[in-house]
Structure formats: C-alpha cells, structure tokens
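Below is one structure; the comments refer to it alone.
The values are calculated or read from the model by the stated rules, or taken from the named source; none is laboratory data. Computed from a prediction, not measured in an experiment: that's the story for all the values here. Here the Cβ positions follow ideal geometry from the backbone for every residue, glycine too, while neighbour counts run over all protein chains shown.
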Amino acid sequence: MKRIKNIPNMDLKGKRILIVGASSDIATSLNKMLVEADAIIGFHFYSNKSALRKYKESKNVRFFQKNLSFSNACYELVDQFVEWANGIDCLVQLSGDIKEPIHWEKLKEKHWWYDLNSNLIMPFFLAQRAISHMKEKGGRVILMSTASATHGGGATSMPYGVAKAGIECMVKGLARDCARYNILVNAIAPGFIKTKFHTEKMKRTDEQLRKRAELIPLKRPGTTEEIAGAILFLLSDHSSYITGQTIAVSGGDWL
C-alpha cells in the first residue's frame, strides 16, 4: 500500500493551552487528554479546585483561580498564563452559568445581566486578550455555544440561549478579522450531554432526562469525551482550514 505523506498532525505536545472553566463537567475528559498529550496547560477555576486535584503533581500544569465577573479579571487571567507559559497558542473557553432556570414570563433584569455576562460578555474579553497575544505567531480560540442557540433556546433558559447565539455571531466576526494573523476562531455547540448541569442546575428528574434523550435521533445523551474529541480536533492540524464555524455535537438533535 502506498504511504500517504503529509498527514495532518494531532500532536499537541508543547502547545500552550489555557482552559477557562477547567473544573466543569465538560472539561473533565478534555483535561485528561491534554495532560496525556504533554501540552502546557493552564487550568482556570473559580471555586471547585477539588475537580483538578488529580493534576496537582502533573508536569507543565499550572492552576489559576479567578472570579471572571469583570473584564479586568479576564485580562489578568490571560496575562498571567502568558507570563507563566511564555505565550499562548490556544484558548478554550468552557466557563459559563445560568443564574436560575426560570420561565421567560418571570425573568427579571438580574437574570439577563448575569447570564449575558457569564456566557457572552466575559468570553469576549477572554478572546480579545488572548488574540492580542496571538497576533505574531497565530493561534486558536475555541468558545462554547449550545446546540439550541439557533432554535430559540429553552423556555426556562432564554438569556443563556440568547448569549450563546451571540457567541456564534462573535465567532464569525472574530474569525473574519483575525484570519490575517493566522488565528482560527471556532465554537463547539454541545447538545444534550450527560453532566450534573441537568440534575443540579436545571433540576430535571430521571424521567425528564429519559424523555429528553428520546427526542434525539441517536436516542441517548452525549458524553464529555465526545465534546473533548471535537475540541481536540479544532486544536489539531486537522482543522487548519476551519475558522468562523460552530460545530454541533448533538447526536442529530433538531434535524
């Protein structure tokens, strides 16, 4: 068999990657994969340091604790990582939150401000700062959307859905303007993924989760490993001609 030459590289060894929201459920599988790949990793968390304890003795890993409620905190986080790692090749934003799962008829201003700030405004300032450090050598920015963003979101999470739709708009705008610097900007849009978010934050019962999974063509929730795999693809050389895109990992939901 003829050997194929110039196969794109999946090797992330030595890549300087800042994971924002590294203590989240979505991050669990990605963290493990990146440590095993010998990347240089900054693990950001706000309060849940215990989720990262297993990496305490890992080489090329540094923890960064910060409340990202304001733009200056986003700038400080990126700058601290850049100073430690001597640069930044990749930003992966996994942070985000919902103040309260509440029907849109009962939404207050505080819900809108909190959800928009957590899921749209702060990711922008993280990306803005990271890009400023990437201009000389290029880089990757991966932001988090949600598969429901282009379908109206949920009745009890409307500000979250609106924020994620804003992420998809922002990804296109940043990708267009940053292509001249060889900076690729993309988003991952998870569908119904098996995490504690649904039970602890959204207060859904096992029966509600089962019925939700039945609406998906693949008839099951996704896994954190499947989200991590999509992120690894966007970090690798296999995605070197992809920018301004939102990749849904949703099991065919809403087809």
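Checking the range 52-64 against the condition returns no match, with no residue being under 18 Å from Leu126 (Cβ atoms) and among the small types (Gly, Ala, Ser). Within the range 180-239, the set of residues being surrounded by fewer than 16 Cβ atoms within 10 Å (Cβ to Cβ), among the basic types (Lys, Arg) and within 15 Å of Asp25 (Cα to Cα) comprises Lys196, Lys201.
Within the group Ile188, Ile227, which residue is at pLDDT 95 or above and either part of a strand (DSSP E or B) or farther than 30 Å from Lys13 by Cα (or both)? After applying the criteria, what remains is Ile188. Check whether at least one residue in the range 81-88 is under 15 Å from the mean Cα position of the chain (by Cα), surrounded by 15 or more Cβ atoms within 10 Å (Cβ to Cβ) and of a type outside the set (S, T, N, Q), and report yes or no. No, the range 81-88 contains no residue that is under 15 Å from the mean Cα position of the chain (by Cα), surrounded by 15 or more Cβ atoms within 10 Å (Cβ to Cβ) and of a type outside the set (S, T, N, Q).
Please find, among Ala175, Ala179, Ala187, the residue that is touching a residue at least 60 places away in the same chain (Cβ under 8 Å), touching a Leu at 6+ places or on another chain (Cβ under 6 Å) and not polar (S, T, N, Q). Give the steps one after another, and end with the answer.
Working: Ala175 fails: touching a Leu at 6+ places or on another chain (Cβ under 6 Å); Ala179 fails: touching a Leu at 6+ places or on another chain (Cβ under 6 Å).
Sole residue among the options that is touching a residue at least 60 places away in the same chain (Cβ under 8 Å), touching a Leu at 6+ places or on another chain (Cβ under 6 Å) and not polar (S, T, N, Q): Ala187.
Out of the range 85-122, which residues are of a type in the set (A, V, I, L, M, F, W, C), assigned to a helix (DSSP H, G or I), more than 30 Å from Asp237 (Cα to Cα) and in contact (Cβ under 8 Å) with a residue 40 or more places away in the chain?
Going residue by residue through the range 85-122, those that are of a type in the set (A, V, I, L, M, F, W, C) are 85, 88, 90-92, 94, 98, 102, 104, 107, 112-113, 116, 120-122.
Next cut, assigned to a helix (DSSP H, G or I) only: 85, 104, 112-113, 116, 120-122.
Checking which are more than 30 Å from Asp237 (Cα to Cα) leaves us with 104, 112-113, 116.
Within the range 85-122, Trp104, Trp112, Leu116 meet the criteria.
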